[in-house]
Amino acid sequence: MNLAKVKLFALIGDPVDQSLSPAMHNAAFRALGLNCAYVALRVPERFLPDAIGGIRALGMAGFNVTTPHKIGIVGLLDELDESASLVGAVNTVKNDRGKLIGFNTDGEGALRALKGKIGPIKRKEVVLLGAGGAAHAIAFSLASAGARLTIANRTVPKARAFASTIEQKLGINVEVISLARAKLTEALKNADALINATSVGMYPRADQTLVSASMMHRGLIVNDIVYRPLLTRLLREARRAGGRTIDGLGMLVHQGALAFEIWTGKRAPIKVMDSAAKRQLRGESM
Ligand code: ATR
């Protein structure tokens with residue numbers, strides 16, 4: 001690697017020290033022989049405008065954005081791609097000869113992971129757990145692809161507000177339910193896929209799940225976006241019910257691959273990125 005000519009990429013967020021993105025992207029750069037490097041930079045919320053000024057001044061080639069900056073960054077960029085303007089949040093920025101362009105690859109990443117198991121999304125019945133940032137990106141992509149969406153959330157008014165935003169922007173109907181067992185069981189009867197976009201089941205509370213095996217049917221595709229641990233309680237319940245599972249690395253690796261393609265214009269080495277992420281997760285003591 002010629003460090004005098006290196007193209008620099010980064011993740012900005014707070015915290016970032018647990019991120020799998022540096023491992024994934026550096027492995028991909030190496031695999032394609034690109035003179036690029038990717039680092040994780042902790043940026044406290046109050047420093048976000050300074051950080052973006054710094055990125056411009058240093059001529060960094062691109063960066064990812066994570067919590068808590070995905071929405072705050074929108075006003076600091078020069079342009080938004082359709083993927084980002086629809087969701088109102090950005091996870092990927094490309095520096096296009098001094099112009100910072102925001103994208104959102106989270107939703108499309110989740111969609112690609114799902115498509116691998118379910119095939120075309122159009123008219124598929126999907127139950128989505130959660131109404132936070134991750135759920136927003138996933139819901140917009142699913143709805144845009146023609147899925148029939150039911151959003152289940154602990155705080156129902158939050159899910160209602162979110163559903164009506166999707167309805168207004170895309171002109172489609174979105175169902176909203178609570179997390180009550182009876183409601184979820186009913187919705188899951190006709191569902192093709194279930195996606196958990198809440199933090200329930202994440203380490204250290206890995207024994208938790210919002211849905212148990214008795215509420216699922218054989219053939220249901222269950223996708224958890226939680227990847228610490230990789231095999232969550234929800235995914236274990238799904239297997240017990242005879243369902244098929246997609247773990248949290250599916251969305252993570254695909255959103256990273258899409259970012260890589262935006263930055264480099266080259267096809268991302270998905271398997272290399274997936275192995276790098278898995279290697280790092282395996283090395284963690286959990
Ligand atoms: P992210 O940006 O990662 O999506 P977030 O915006 O904080 O994070 O959203 C977290 C989601 O997990 C929300 O849907 C939250 O439900 P509420 O909207 O009711 O807060 C959900 N969540 C977190 N902890 C939960 C719990 N113990 N039970 C049910 N839902 C939970």
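The values are calculated or read from the model by the stated rules, or taken from the named source; none is laboratory data. All values reported here derive from a predicted model rather than from experimental measurement. Please note: Cβ atoms are built from the backbone with ideal geometry, for glycine as well, and neighbour counts cover all protein chains shown. We work out accessible area using only protein heavy atoms, side chains counted, and drop any ligands, DNA or RNA first. Shrake-Rupley method; radii C 1.70, N 1.55, O 1.52, S 1.80 Å.
If the condition is being in a helix (DSSP H, G or I), touching a residue at least 24 places away in the same chain (Cβ under 8 Å) and open to solvent by 30 Å² or more (accessible area, probe 1.4 Å), then segment 167-186 contributes Lys169, Leu170, Arg181, Lys183, Thr185.
Pairing residues of segment 240-255 that are touching a residue at least 40 places away in the same chain (Cβ under 8 Å) and closer than 22 Å to Ala134 by Cα with residues that are hydroxyl-bearing (Ser, Thr, Tyr) and open to solvent by less than 20 Å² (accessible area, probe 1.4 Å), at Cβ distances under 6 Å and at least 6 apart in sequence or on separate chains, gives Gln255/Thr105. In segment 91-116, the residues that are free of Cβ contacts under 8 Å to residues at least 24 places away in the same chain form Cβ pairs under 9 Å with partners that are open to solvent by less than 50 Å² (accessible area, probe 1.4 Å) and of a type in the set (A, V, I, L, M, F, W, C), at six or more places apart or across chains, as follows: Lys99/Leu77; Lys115/Ile121; Lys115/Ala145. Just a yes or no: is a residue in segment 198-205 open to solvent by less than 10 Å² (accessible area, probe 1.4 Å), closer than 24 Å to Gly116 by Cα and out of contact with any strand residue (DSSP E or B) (no Cβ under 6 Å at 6 or more places or on another chain)? Within segment 198-205, one or more residues are open to solvent by less than 10 Å² (accessible area, probe 1.4 Å), closer than 24 Å to Gly116 by Cα and out of contact with any strand residue (DSSP E or B) (no Cβ under 6 Å at 6 or more places or on another chain).
Every condition in (1) touching an Asp or Glu at 6+ places or on another chain (Cβ under 7 Å); (2) away from the ligand (no atom under 15 Å from the Cβ); (3) not small (Gly, Ala, Ser) is met by Thr150 except one, and the failing one is (2). Within the bounds of segment 7-25, is there any residue that is surrounded by fewer than 19 Cβ atoms within 10 Å (Cβ to Cβ), in the same structural domain as Ile262 (by TED's automatic domain parsing) and part of a strand (DSSP E or B)? The answer is yes, given that some residue of segment 7-25 is surrounded by fewer than 19 Cβ atoms within 10 Å (Cβ to Cβ), in the same structural domain as Ile262 (by TED's automatic domain parsing) and part of a strand (DSSP E or B). Residues of segment 114-141 that are away from the ligand (no atom under 16 Å from the Cβ) and surrounded by fewer than 24 Cβ atoms within 10 Å (Cβ to Cβ): Lys115, Gly116, Lys117, Ile118, Gly119, Pro120, Ile121, Lys122, Arg123, Lys124, Glu125.
Taking the criterion of being closer than 22 Å to Asp106 by Cα and not in a loop (DSSP other than H, G, I, E, B), the residues of segment 56-81 that qualify are Gly62, Phe63, Asn64, Val65, Val74, Gly75, Leu76, Glu79, Leu80.
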